[in-house]
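Some notes on the structure that comes next.
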Amino acid sequence: MLRRQQLEYQIFVVEQFGNYTFNKGVLMNAGFLLAFNISSSFDCVVFHDVDLIPEDDRNLYTCASKQPRHLSVAIDSLDYRLPYKSLVGGVFSIRVEDFVQVNGYSNLFWGWGGEDDDISSRLVASHLPISRPNPAIARYRMLGHGRRIVNKYLAPLIRTSRLRFPKDGLTTCKFKLVHSRQELLYTHFLIDLGMPQYVVENKTLKFTEELQLPEKYL
């Protein structure tokens, strides 16, 4: 598909090490940072959930519009409909300079969901409107997967997105590279994320590191 689109590209597969709770945001940030350790020549990145398979190769994996672009507009498991207008989850392209401007993804969303809504808020706060291709070609099939662990405390995190993003993201991303392996078609990173940066006490988020939020936002 990417060859048929006549693109210059490199694929990075980022996998979380161990059995700790999943954190997509940290994995995306880590993959971005590690990719730039390999080459600083990238000007566009496409973040791609591993369980989404494109159905139409006319859906261009580029940043030609010069706007953040939500590519997975129509997914079979969602009846090929966009659930809500601010959604950027699934497959998402963005210029490198814009991703740096919004400080990447939040590192605080442990478990399923929230990180995509958070980066959508960052884009809005940074005056970066989201564009989308025609849903007739932006179609994907979702692979089946097991039961997801849902973060029950998404609401206070999403509510504080605009407050947090200068101090929560690429600039504060912490991880350990377990190994890096170059395959024929892609580079594989295995990442140790450690433990969550916050605990929940009496249904209130308490951050274990220097990042603190005023109580009125929790």
Taking the DSSP beta bridges in the chain as the whole, what percent of them are antiparallel, to the nearest 5?
70 percent
Which of rounded, prolate or oblate describes region 60-176 when judged by the alpha-carbon gyration tensor and an a/c cut-off of 1.5?
oblate
Net charge near D57: determine it from the other residues with C-beta under 14 Å of the C-beta of D57, scoring Lys and Arg +1 and Asp and Glu -1.
+3
Angle in degrees between helix 115-125 and the longest Cα principal axis of the chain, rounded to the nearest 10
90 degrees
Which residues' amide hydrogens lie under 5 Å from the amide hydrogen of C44, considering only partners 5 or more residues apart or on another chain, with H built in the peptide plane?
V96
In the Gaussian network model of the chain, springs joining C-alpha atoms below 10 Å, which of E15, E97, E115 carries the largest mean-square fluctuation?
E97
The answer for I75, listing residues at least 5 apart or on another chain whose modeled amide H is closer than 5 Å to its amide H, is Y80, R81, Y140
Compute the semi-axes of the equivalent ellipsoid of the chain, taking the square root of 5 times each eigenvalue of the Cα gyration tensor, and list them largest first in whole Å.
27, 20, 18
Using alpha carbon centroids, what distance separates region 9-78 and region 92-166, in Å?
12 Å
Under 8 Å for C-alpha pairs, at least 6 residues apart: give me the relative contact order for the chain, rounded to a whole percent.
28 percent
In a Gaussian network model over the chain where Cα atoms closer than 10 Å are linked, find which of Y61, Y140, Y186 has the largest mean-square fluctuation.
Y186
Chain lengthening between E8 and S39 when straightened (0.36 nm per residue, less Cα-Cα):
9.9 nm
First measure r as the distance between the Cβ atoms of L184 and Y84, then evaluate 1/(1 + (r/R0)^6) with R0 = 35 Å and state the FRET efficiency to the nearest 0.05.
0.35
Within the set K66/K176; K24/K167; K24/K176; K85/K176, which residue pairs have Cα atoms separated by over 24 Å?
K66/K176; K85/K176
Acute angle (nearest 10 degrees) that the helix 24-38 long axis makes with the longest principal axis of the chain, alpha-carbon atoms
60 degrees
Relative contact order (percent) for region 56-131, with alpha-carbon contacts under 8 angstrom and 6 or more residues of separation?
35 percent
Need one number: nm distance between label points at R58 and T171, each 7 Å from Cα along Cα→Cβ, rounded to one decimal.
4.3 nm
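Quick note: the coordinates plus some simple rules give every number you see, no bench work behind them. The structure displayed is predicted, hence computed values, not measured ones. All Cβ positions, glycine included, derive from the backbone under ideal geometry; neighbour counts span all protein chains shown.
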